[in-house]
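Notes follow the structure.
The values are calculated or read from the model by the stated rules, or taken from the named source; none is laboratory data. The shown structure was predicted, so the numbers you read here are calculated from the model rather than taken from an experiment. Neighbour counts run over all protein chains shown; Cβ positions are idealised from the backbone, glycine included. Accessible surface is based on the protein model in full, side chains and every heavy atom, while ligands, DNA and RNA are left aside. Shrake-Rupley method; radii C 1.70, N 1.55, O 1.52, S 1.80 Å.
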Amino acid sequence: MKYYVLFGPPGAGKGTFAKLLVENHGYYHISTGDMLRKEIAAGSELGLKAKDLIEKGNLVPDEVVCGMIRSEFAANGGVRGFLLDGFPRTVAQAEALDKMLSEMGDELTRVVSIYITDEEVRRRIKGRALVENRADDADDEIISTRIRNYHEKTEPVINYYKAQGKYFEVIADGTIPENYAKVEALVD
Ligand code: AMP
């Protein structure tokens, strides 16, 4: 089984590339952000807990997202492979993922990281706010919190995977098709 992580700051295009990879390669897409937004829309207990954190630009607790990932793996055994989008976002999540995979007798295939500058993060999120109706995209202060959380909590994940030789980075400074071609070249 292949397990890819699509990594990068908010607005890097992880969701866009994941959808294209699903269409072209048949992988199963797991987006913790999409799953959390569905829980919020459904008004579930989990959604109620996550709503405030997400709308302020903060991360939800590691145990919550790790539990969601574990259930997705268990429910989708027959697929070709998984594309994880927006997970892991902390070193603790990366460690939990390694543990889950090793318990299944498997391991992560590789991390495909999409690099854009903070300035580009702001520009893209503002563009997305005009199209999608996400509360966490609409406000400068919330975007700053998300960028700060990315640098403080998520960026250390890069070294975690570099140490395993599993980290591959794409500089996403071109058009969507150009950037996608670079991402696709790193996926089987
Ligand atoms: P995304 O759609 O990936 O940008 O995620 C939207 C929001 O959901 C994030 O800003 C976090 O509040 C929350 N979230 C998504 N994935 C995770 C994760 N792996 N760990 C913690 N919080 C997450």
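A few remarks follow.
- Single residue of region 86-125 satisfying the filter (away from the ligand (no atom under 13 Å from the Cβ) and polar (S, T, N, Q)) that is least open to solvent (accessible area, probe 1.4 Å): Ser113
- Residue among Ala92, Ala138, Ala129 that is aliphatic (A, V, I, L, M), under 29 Å from Ala41 (Cα atoms) and within 16 Å of the chain's Cα centre (by Cα): Ala92
- Looking across Lys19, Lys51, one residue alone is open to solvent by 60 Å² or more (accessible area, probe 1.4 Å) and over 14 Å from the mean Cα position of the chain (by Cα). It is Lys51.
- Any hit, region 101-119, residues being closer than 14 Å to Pro9 by Cα and without any contact (Cβ under 8 Å) to a residue 60 or more places away in the chain: yes
- Residue in region 126-149 that is in contact with a Leu (Cβ under 8 Å, 6 or more places away or on another chain) and more than 15 Å from the ligand (Cβ to nearest atom) present: no
- The condition of being of a type in the set (Ser, Thr, Tyr), in contact with a strand residue (DSSP E or B) (Cβ under 7 Å, 6 or more places away or on another chain) and surrounded by 12 or more Cβ atoms within 10 Å (Cβ to Cβ) does not hold for Tyr150.
- Filter result (open to solvent by 50 Å² or more (accessible area, probe 1.4 Å) and within 21 Å of Pro9 (Cβ to Cβ)) within region 60-79: Pro61
- Condition met for Glu45 (free of Cβ contacts under 8 Å to residues at least 40 places away in the same chain, under 13 Å from Leu83 (Cα atoms) and more than 17 Å from the chain's Cα centre (by Cα)): no
- For Lys56: the one exception among (1) among the basic types (Lys, Arg); (2) surrounded by 16 or more Cβ atoms within 10 Å (Cβ to Cβ); (3) closer than 29 Å to Thr145 by Cβ: (2)
- Criterion violated by Tyr161 - all others in (1) among the hydroxyl-bearing types (Ser, Thr, Tyr); (2) touching a strand residue (DSSP E or B) at 6+ places or on another chain (Cβ under 6 Å); (3) open to solvent by 30 Å² or more (accessible area, probe 1.4 Å) satisfied: (3)
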